[in-house]
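Right, one structure below, let's go through it.
The values are calculated or read from the model by the stated rules, or taken from the named source; none is laboratory data. Here the structure is a predicted model, which is why all the values come from computation and not from measurement. Cβ placement follows ideal geometry from the backbone for every residue including glycine, while neighbour counts extend to all protein chains displayed. Areas reflect the complete protein model, heavy atoms only, side chains present, ligands, DNA and RNA absent. Shrake-Rupley method; radii C 1.70, N 1.55, O 1.52, S 1.80 Å.
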Amino acid sequence: MSKKPDRRLIFSVVLIFLAIPLTIAFGMSVLHDRRYYFVSVAILIYTMLPFLLSFEHRRPKAREVILICSLSAISVIGRAAFFMIPEFKPVAAIVIIAGICLGPESGFLVGALSGFVSNFFFGQGAWTPWQMFSFGIIGFLAGFLHQRGILNENRAVLCVFGGLSTFVIYGGLMNLSSALTVSPGFGQDVFWATFLAGIPFDLVHAASTVIFLLFIAKPMTERLIRIRVKYGLMEDKDSSAQ
Amino acid sequence: MTTENNGRDAFSAYHPVTLFLYFCTVLFFSMFFLHPVLLAISLASVFLYSVLLSGRKAVRFNLLWMLPVTLLIALVNPLLNHSGATILLYVNDNPITLESTVFGLLSAAAFVSVVIGFSCFNVVMTSDKLMYLFGRMIPVLSLMFSMTLRLVPRYKAQIRKISEAQKCIGCDVSQGGIFQRIRNGVHIVSILITWALENAVETADSMKARGFGLKGRTTFSIYSWKRRDKTLLAVQLALLAVVFAGMGMGAFETACFPFVRIAGLSGKSVAFFAAYALFCLLPAIVDGKEYFVWNSLKSAG
C-alpha cells in the first residue's frame with residue numbers, strides 16, 4: 001500500500017521537473033512560431049498521464065472498469081444523438097454526474113474516455129487531447145468539489161456549476177487550442193478574436209449542459225446511487241485495496 | 001470510420017508499429033514545423049495518400065472543405081495579427097504586415113496537412129490496431145477503450161427496443177405535446193441507464209469469474225512481424241535519423257516574427273528534405289511497387 005503513492009509521486013516529479021522543462025527548452029530552441037502550441041499540447045498530455053497510469057497501476061476491479069465504460073458509452077451516444085446541432089452535447093453533463101456519484105478519479109476517466117472514443121465516430125484530430133483534458137478536468141473538478149461538500153446534488157447548484165465549467169473550462173481551453181493553431185504566440189488580438197468568435201458555440205454548449213443536467217441529473221444520480229448501494233460499488237475501496 | 005479503405009492501399013496492411021510511426025512523424029512535423037519546403041512535402045504526400053486511400057471522395061473533400069479553410073486562415077491572420085516589421089498596407093488604420101501574411105499562409109498549410117493527415121489516420125489506424133499497440137503497455141485502459149466502443153452500438157440497439165416498447169403504451173418521443181415528449185424522452189433515457197448499469201454489474205461479475213486481473217493471461221492478435229515489416233521499419237528509422245539530424249542542425253528553422261527568417265537551401269539541407277520527402281512518400285512508394293508487381297505478374301501470366 002505504501003509503495004504506490006511514492007511511485008506516483010516520483011513519476012509526477014519527473015514529469016514536472018524534467019519532462020516539462022525539457023519540452024519547453026526543445027520548443028524554444030527548435031520551434032520558433034510553434035513553440036506555444038507544441039509546449040501546451042505536451043503539457044496537456046503530461047498532466048493526463050499520472051491520472052491514467054495511476055488508475056492502470058491500481059489494478060481496478062472489474063465493476064469499476066465497466067461502470068466507467070458504460071457511462072462513457074452513454075455520453076458518446078448522447079453526443080451522437082444530437083450531432084446535427086453543433087456543440088449541443090450532453091457529454092459534460094454526464095461527466096459531471098459521474099464525478100459526483102463516483103468520485104473525482106472516475107469523473108476524470110469518464111471525461112477523457114468519452115472525448116477519445118466519441119472522436120472515433122466524429123473523427124480524430126489535433127483537438128482530441130484538448131477535448132479529453134477539458135472533459136476530464138470538468139469531471140475531476142465536479143468530484144473534487146463534491147467531496148469537499150461545496151457541490152451537492154441540488155439541481156440549481158449543479159446547473160450553475162455545469163454551465164460555468166462548460167463555458168469557462170471547455171470553451172476556454174478549446175478557444176486556446178484554436179488560437180494556438182493559427183497564431184504564433186499569445187497575441188491579445190488573436191485571443192480576443194477567437195474568444196469572441198467562440199462565444200456563440202460556447203454559449204450553446206453551456207446551455208446544453210444546463211438543459212441536460214436539468215433533465216437527467218435527478219434520474220441519473222438516483223440510479224447511480226441505487227446501483228452503488230445495491231452492489232456496494234466504490235465504497236469498499238480501502239478494504240479491498242490490499 | 002468516416003471513409004473506408006477501398007482495398008487498393010497496400011501500405012495499411014503493414015505492421016501497426018510501422019504505420020503508427022509513420023503517422024506520428026508526419027503529424028508531428030506538419031503540426032509543429034513551419035518551413036515552407038517541409039510543409040509543401042507534408043501537404044503533397046498526405047494529399048496523395050488520402051487520394052490513394054479514398055479515391056475521388058478524398059479529392060472532393062480536400063477541394064470543397066480544405067481550400068476554403070486554407071483561404072480563411074490565410075486571410076484572417078494578417079487582419080488580426082499586426083506584429084512584424086514590414087508593413088505592406090493599411091486597412092482602417094490597421095497595418096497589414098508581410099510577416100503575418102506569410103505566417104497565415106504557412107499555418108493554413110500546416111492546418112490543412114494535419115486535417116488531411118488525420119483523415120488518413122482515421123482510415124488506416126483502426127481501433128483494433130490501436131488496441132494491439134497499447135494493449136500490452138496499458139491493458140486496463142485499452143480494455144476500457146475497446147469496451148466503450150463496443151457498448152455504443154449495443155446501447156443504440158437497446159434504446160430502439162425501449163422506445164418501441166414505450167410507443168405501444170403511447171410514451172414515445174414522437175407522441176404527445178412538447179412537454180410530454182421531453183418527459184417521455186427523459187423516461188426512455190433513465191430506463192436505458194438503469195438497464196445499462198445493471199447489465200454492467202452482470203458483465204463485471206462474469207469478467208471476474210473468468211479471471212479478470214489475474215496474472216498470466218495472454219492476448220490474441222492477428223498481426224505478426226514479417227520480413228517486409230522489418231525492412232520498412234529499418235528504412236523508416238534510417239530516414240528519421242537523417243531528418244532528426246537535420247532538425248538538430250537547424251535546417252528546418254523558420255521564424256516569421258519580427259522578420260521572416262527561413263533556413264535557406266544548401267546541399268546539406270536538400271539531403272534532409274529529401275529524407276523527409278522519402279519518409280512521407282513511403283505509402284505511395286509501397287503502393288506503387290505493389291501496383292507494378294501486380295501488373296507485371298498479370299501480363300506475365
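From the Cα gyration tensor of segment A:1-142, with a ≥ b ≥ c the square roots of its eigenvalues, which class applies: rounded if a/c is under 1.5, or else prolate if a/b is larger than b/c, or else oblate?
It comes out oblate by the Cα gyration axes.
How charged is the neighbourhood of A:K89? Take every other residue with its Cβ under 14 Å from the Cβ of A:K89, and add Lys/Arg as +1 and Asp/Glu as -1.
-1
Starting from the residue with the highest accessible area, list A:Y36, B:Y291, A:Y170, B:Y132 in decreasing order, probe 1.4 Å.
Per-residue accessible area, sorted high to low, gives B:Y291, A:Y36, B:Y132, A:Y170.
Write down, largest first, the equivalent ellipsoid semi-axes of segment B:52-171 in whole Å, where each equals the square root of 5 times an eigenvalue of the alpha-carbon gyration tensor.
Listed largest to smallest, the semi-axes of segment B:52-171 are 46, 22, 16 Å.
When you count, for each residue, the other Cβ atoms within 10 Å and take the mean per peptide, how do B:163-176, B:239-252 rank with the highest first?
Taking the mean over residues of other Cβ atoms within 10 Å, the ranking is B:239-252, B:163-176.
On average, how much accessible surface per residue is there in chain B, in Å², for a 1.4 Å probe, leaving out ligands, DNA and RNA?
Solvent-accessible surface per residue comes out at 53 Å².
Do the sum for chain B: with -39,500 (n - 2.57) for every DSSP H run of n ≥ 4, divided by all residues, what is the mean residue ellipticity at 222 nm, to the nearest 500 deg cm²/dmol?
So the calculated ellipticity at 222 nm is -23500 deg cm²/dmol.
Let me spell out the model: positive unit charges on the Cβ of Lys and Arg, negative unit charges on the Cβ of Asp and Glu, origin at the Cα centre of segment B:138-209. What dipole size does that give, in debye rounded to 20?
220 debye
Report the number of Lys pairs in chain A whose alpha-carbons are under 29 Å apart, with separation of 8 or more residues or on distinct chains.
Within chain A, the lysine pair count is 10.
Just name one of B:C171, B:P139, B:I193: the one whose Cα is farthest towards the positive end of the charge dipole of segment B:138-209 (beta-carbon charges, Lys/Arg +1, Asp/Glu -1).
Going by the Cα projections, it comes out as B:C171.
Quick check: the angle from helix B:139-168's long axis to the longest principal axis of chain B, C-alpha only, nearest 10 degrees?
The two axes meet at around 50 degrees.
Starting from the residue with the highest accessible area, list A:R155, A:R148, A:R8, B:R227 in decreasing order, probe 1.4 Å.
If we order A:R155, A:R148, A:R8, B:R227 from most to least accessible, we get B:R227, A:R148, A:R8, A:R155.
What does the buried accessible surface come to for A and B, summed over both chains, with the probe at 1.4 Å? Round to 100 Å².
Accessible area lost upon association: around 5300 Å².
Among B:E202, B:E99, B:E290, determine the one that fluctuates most according to a GNM of chain B built with springs between C-alpha atoms less than 10 Å apart.
Among B:E202, B:E99, B:E290, the largest GNM mean-square fluctuation belongs to B:E202.
Would you work out which of A:L180, A:I150, A:F121 lies farthest towards the positive end of the dipole of the protein assembly as shown? Charges go on Cβ: Lys and Arg +1, Asp and Glu -1.
The one lying farthest along the dipole's positive direction is A:F121.
Using a 1.4 Å probe, what is the accessible area per residue for segment A:1-59, in Å²?
That works out to 60 Å² for each residue.
Which helices of chain A meet both criteria: a Cα extent of 30 Å or more along the helical axis and a mean Kyte-Doolittle score no lower than -0.5, with helices taken as whole DSSP H segments?
Both cut-offs are met by A:35-57, A:188-231.
Report the charge-dipole magnitude of segment A:1-59 in Debye, nearest 20, computed about the Cα centre from +1 at each Lys and Arg Cβ and -1 at each Asp and Glu Cβ.
Value, rounded to 20: 300 debye.
Applying 1/(1 + (r/R0)^6) with R0 = 30 Å to the Cβ-Cβ distance of B:Y223 and B:A271, what FRET efficiency is obtained, to the nearest 0.05?
0.35
For segment A:60-234, report the accessible area per residue in Å² (1.4 Å probe, heavy atoms, rounded to an integer).
35 Å²
Grab every C-alpha pair in segment A:60-234, bin the distances at 10 angstrom width from 0 up to the longest one, and report whole percents.
For segment A:60-234, the binned pair fractions read 11, 40, 34, 13, 3, 0 percent.
Counting only protein heavy atoms, what percent of the accessible surface of the protein assembly as shown is carbon or sulfur at a 1.4 Å probe?
Of all accessible area on the protein assembly as shown, carbon and sulfur atoms account for 69 percent.
At B:I262 and A:A207, where each label point lies 7 Å from the Cα along Cα→Cβ, what is the point-to-point distance in nanometres?
That separation, rounded to one decimal, is 4.5 nm.
Note the full-extension length gain between B:L75 and B:A165 as 0.36 nm times their separation in residues minus their Cα-Cα distance, in nm to one decimal.
That pair, B:L75 and B:A165, stretches by 27.0 nm at full extension.
Taking the convex hull of the alpha carbon atoms in segment B:180-301, what volume per residue do you get, in Å³?
In segment B:180-301, the Cα convex hull volume per residue is 404 Å³.
In debye, nearest 20: dipole of the protein assembly as shown around its Cα centre with unit charges on the Cβ of K, R (+) and D, E (-)?
Taking the Cα centre of the protein assembly as shown as origin, the dipole is about 1700 debye.
Rounded, prolate or oblate for chain B? Axes are the square roots of the Cα gyration tensor eigenvalues, ordered a ≥ b ≥ c, and the cut-off for rounded is a/c under 1.5.
In terms of gyration-tensor shape, oblate.
Inside 10 Å of the C-beta atoms of A:28-36, what's the mean count of C-beta atoms belonging to other chains?
Average neighbour count from other chains, rounded to a whole number: 5.
Please state, to two decimals, what the Cα-based radius of gyration of segment B:138-209 comes to when divided by 2.2 N^0.38 Å (N = residues).
Dividing the Cα radius of gyration by 2.2 N^0.38 Å gives 1.39.
Quick one: which of A:227-233, B:258-264, B:75-81 comes out on top by average Cβ neighbours within 10 Å, and what's the full order, highest first?
Result, highest mean first: B:75-81, A:227-233, B:258-264.
Based only on Cα atoms, what Rg/Rh ratio does the protein assembly as shown have, Rh being taken as Kirkwood's radius?
Value, to two decimals: 0.99.
Can you tell me the 0 to 90 degree angle between the C-alpha axis of helix B:67-80 and the longest principal axis of chain B, rounded to 10?
Between helix and principal axis, roughly 70 degrees.
Would you count, across chain B, every pair of lysines whose alpha carbons are under 23 angstrom apart, provided the pair is eight or more residues apart or spans two chains?
Counting lysine pairs in chain B gives 6.
When the Cα centres of segment B:207-254 and segment B:92-144 are compared, how far apart do they sit, in Å?
19 Å
Give me the residues in segment B:68-85 whose solvent-accessible area, probe 1.4 Å, is reduced by at least 30 Å² once all protein chains are included instead of the chain isolated.
Buried-area filter returns B:L80.
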